[in-house]
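Trainee: One structure coming up, written as structure tokens, with questions to follow.
The values are calculated or read from the model by the stated rules, or taken from the named source; none is laboratory data. From a predicted model like this one, the values you see are computed outputs, not experimental measurements. Reconstructed Cβ throughout: ideal geometry from the backbone, glycine too, with neighbour counts over all protein chains shown.
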């Protein structure tokens, strides 16, 4: 019995040591090209039916930090994306600006040293600002409601410290527009602000822990 306890303790210590030695921290910057979908991309004729509409392809940037532990990791990110707006509810040369943070988990199977595919999923906390109403140029912003993202990509490593990371994500959230002079209540309808994001990032990896 005592021998079994010692063996289990030795195995647990070995696994813990291995896990700590596998820890790594990566910090990266990425460029983003985004394609809106659903109601967010539709051309609504009336501002009363949907203020948030008519979004076209957007571009922006993002930041990511990932703490890896073997094949699993946790990550935090920031997005800033500007979409063009082409609808009667937008002002001339209108646009939407989306920004916010994301936290989530990442699965990275250790298939190869230089090429590591991954899948990820997280909770987003984004808000949107913009303008509508033709020449009146009424500005608005939205609440910062939780949403979600799912994605897949790969890290292509160079020299073990730097990697290029292409990925594709789908981001979904329902946001309520806050228009000046209009009271927002629990009954105020929300609009789906959903989009696909195609990213290309460059990140630096720093291993740490016990060696």
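Trainee: Hey, residue 57 hits all of (1) farther than 30 Å from residue 179 by Cβ; (2) in a strand (DSSP E or B); (3) at pLDDT below 95 but one; which does it fall short on?
Mentor: (1)
Trainee: Now for a separate question. Is it the case that residue 151 is assigned to a strand (DSSP E or B), within 20 Å of residue 68 (Cα to Cα), touching a strand residue (DSSP E or B) at 6+ places or on another chain (Cβ under 7 Å) and modelled with pLDDT of 90 or more?
Mentor: Taking the combined requirement at face value, the residue satisfies it.
Trainee: Quick check, is residue 84 within 18 Å of residue 194 (Cα to Cα) and at pLDDT below 90?
Mentor: Judged against the criteria, residue 84 is a match.
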